[in-house]
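The structure appears right after this line, and notes come after that.
The values are calculated or read from the model by the stated rules, or taken from the named source; none is laboratory data. Just so we're clear, the structure is a prediction, and the values are computed from it rather than from any experiment. Glycine gets a Cβ as well: all are built from the backbone with ideal geometry, and neighbour counts include every protein chain shown. Each accessible area value is taken on the protein alone, full model and side chains, heavy atoms only, with ligands, DNA and RNA left out. Shrake-Rupley method; radii C 1.70, N 1.55, O 1.52, S 1.80 Å.
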Amino acid sequence: MERFKGFTLIFVLLLLVLGFQDYASAHSGRTDSSGGHNCSAKSIEKGLCTGYHYHNGGSSSSSSNSGSSSSTPKSTTPKPSDKDCDDFSSYDEVVEYWNNKGYSKDYDPERLDGRGNTVDDGIPCEPPSTYDISKINNSSAQIAKKEEGNGKDDGYSIGYKDGFSDKSKNASTDKGSVSYKDGYENGYLKGYNEGQAKFESEKKTAEESGYAFGKQNDELKVPSNYSNNKLLSVAFEEGFNKAIEEKVKKKEQEYNAAGYEDGKNDEDNSPNDVEESYVESYKEGFNKGQTELMESYITKGYEDAFILLKYKEPSLEKPKYIDWYKQGFQSNKEVLKIQDLAYEMGLKGEEMVVPEDHIASKEIYEHHYKVGLEEYKEQQREDAVNTSLFFGVLCLGWLSRRFYVAKKMVA
């Protein structure tokens, strides 16, 4: 009986061992006999996977009796350290593992990217919706990002060169993918703006240097740090020319002022052996001074016409001064109005009253008033004589009539 019990125990143990081997063969560690399993609640919560999915080449058509999957791995035989999406604590850990292993859409021996997720897209497990999948090696997003970065670098380099050369802006390219072109345009515009800003800064510096050089020198000499760049060389020359123009203008103003003073003093000291523009500036100033000198004599003659009854030649240094004085005296037409006003006042026999604004011309006013007054008095005398004659004629006529009547009566 004891032997039978021992035999029975050995038989049961043997059955348990065989059954465990079948179970291990069917599940392959973490998968069932078809090479797949359901995503755990923990993995779903982390966003690592969803639903039932396969690993290591497993499929629903695999034979449960074969003890192994009938599918062949994509690229190589799975390694003993085969990972499942459930084995990672976060999606960043998934990506770190994927990148370190150098896996890709075409090389995924552990089947992290496969028939439970988006099929063979180079994205392991299932990323959260907000995850930046460009972090994943060899993903389409990473490839696009790299192409965009390459385009941005190329565009920036060309844009900076164009901007610094002050060329027309052209941010388009026929080269590369859409991502590359997008990056190229953004990089070009950034580079162009920075290049142009750099150019404007150096151009301003070149102009200021040229201006400072021109202040101290009259002959242009472009330094080597600007002569090697045509645009900066031009900027240096523009600054130099600006300084020269200012110096010339200042010199012209000095000659003009000297000419003006000489013109007022009637002393011609025209410069010799100088730039023609300086000679012209002196002449311009001299003529202006001469004009003011002439106007001063004309004004003097005009004003004297208010106080002199008739023109009297002044005692002046030069004949032209006398001519200018006489011109002013004869041009005074206002004094004629004063003469007429005074004459009319006298002609009417009114009492002479010199208006306040004609006080300076009192002598002229009195003279012409008297002329008018004399004519008024003469007219009065003539009127008195004519009145006496009229009455005399009337009396003679009356006497003649009386004599005639008396004579008739006597007869």
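Roughly how many nanometres apart are two label points built 7 Å out from the Cα toward the Cβ at SER296 and VAL274?
The answer from the label model is 2.2 nm.
Modelled label-to-label distance, LEU396 and GLU350, 7 Å Cα→beta-carbon offset: nm?
If labels sit at LEU396 and GLU350, their model points lie 4.1 nm apart.
Going by accessible area, probe 1.4 Å, with all protein chains left in place, what is the ranking of LEU336, LEU389, largest first?
Order by accessible area, largest first: LEU389, LEU336.
Beta carbons within 10 angstrom, averaged per residue: use that to sort the peptides 352-358, 226-232, 390-396, highest first. List each step's numbers first, then the result.
On the way: 352-358: 12.0, 226-232: 15.3, 390-396: 9.9.
Packing order, densest peptide first, comes out as 226-232, 352-358, 390-396.
Taking R0 as 60 Å, what FRET efficiency do you get between LEU231 and GLU93 from their Cβ-Cβ distance, rounded to the nearest 0.05?
Plugging the Cβ-Cβ distance into 1/(1 + (r/R0)^6) gives 0.60.
Roughly how many Å² of ILE123 are accessible to a 1.4 Å probe, to the nearest 10?
Rounded to the nearest 10, the figure is 20 Å².
In Å², what does the accessible area per residue of the stretch 82-206 work out to with a 1.4 Å probe?
I get 52 Å² per residue for the stretch 82-206.
In nm, what is the difference between 0.36 nm times the number of residues separating ALA360 and ASN217 and their Cα-Cα distance?
Separation in residues times 0.36 nm, less the Cα-Cα distance, equals 45.4 nm.
So what are the ³J(HN,Hα) numbers for the stretch 225-239, from phi and the Karplus equation (6.51, -1.76, 1.60; θ = phi - 60°), rounded to whole Hz, Gly and Pro as x?
Couplings: 5, 10, 5, 7, 10, 4, 5, 6, 4, 5, 5, 4, 5, 4, x Hz.
Kindly write out, for the stretch 378-392 in residue order, the coupling ³J(HN,Hα) from the Karplus curve 6.51 cos²θ - 1.76 cosθ + 1.60 (θ = phi - 60°), rounded to whole Hz, with x marking Gly and Pro.
My calculation for the stretch 378-392 gives 4, 5, 5, 5, 4, 5, 5, 4, 5, 5, 5, 4, 5, 5, x Hz in order.
Give the peptides 234-245, 256-267 in descending order of average Cβ contacts within 10 Å, highest first.
With the highest mean Cβ count within 10 Å placed first, the list reads 234-245, 256-267.
By how many nm would the segment from LYS167 to LYS377 grow when fully extended, if each residue of separation counts as 0.36 nm and the alpha-carbon distance is taken off?
Result for the pair: 65.8 nm of gain on full extension.
Over the stretch 179-299, with every protein chain in place, what whole percent of the accessible area is carbon and sulfur at 1.4 Å, could you tell me?
Carbon and sulfur together cover 43 percent of it.
Mind listing the phi-derived Karplus ³J(HN,Hα) values for the stretch 100-110, rounded to whole Hz, using 6.51, -1.76 and 1.60 with θ = phi - 60°, and x for any glycine or proline?
5, 7, x, 6, 8, 4, 8, 9, 9, x, 8
Per residue, how many Å² of accessible area does the stretch 242-384 show with a 1.4 Å probe? Show your work: numbers first, answer last.
On the way: 9530 Å² over 143 residues.
Each residue of the stretch 242-384 exposes 67 Å² on average to a 1.4 Å probe.
From the protein chains alone at 1.4 Å, what is the descending order of accessible area for LEU347, LEU309, largest first?
Reading off the accessible areas and sorting them downward yields LEU309, LEU347.
Give me the distance in nm between label points sitting 7 Å out from Cα along the Cα-to-Cβ direction at LYS370 and GLU208, one decimal.
Inter-label distance under the simple model: 8.2 nm.
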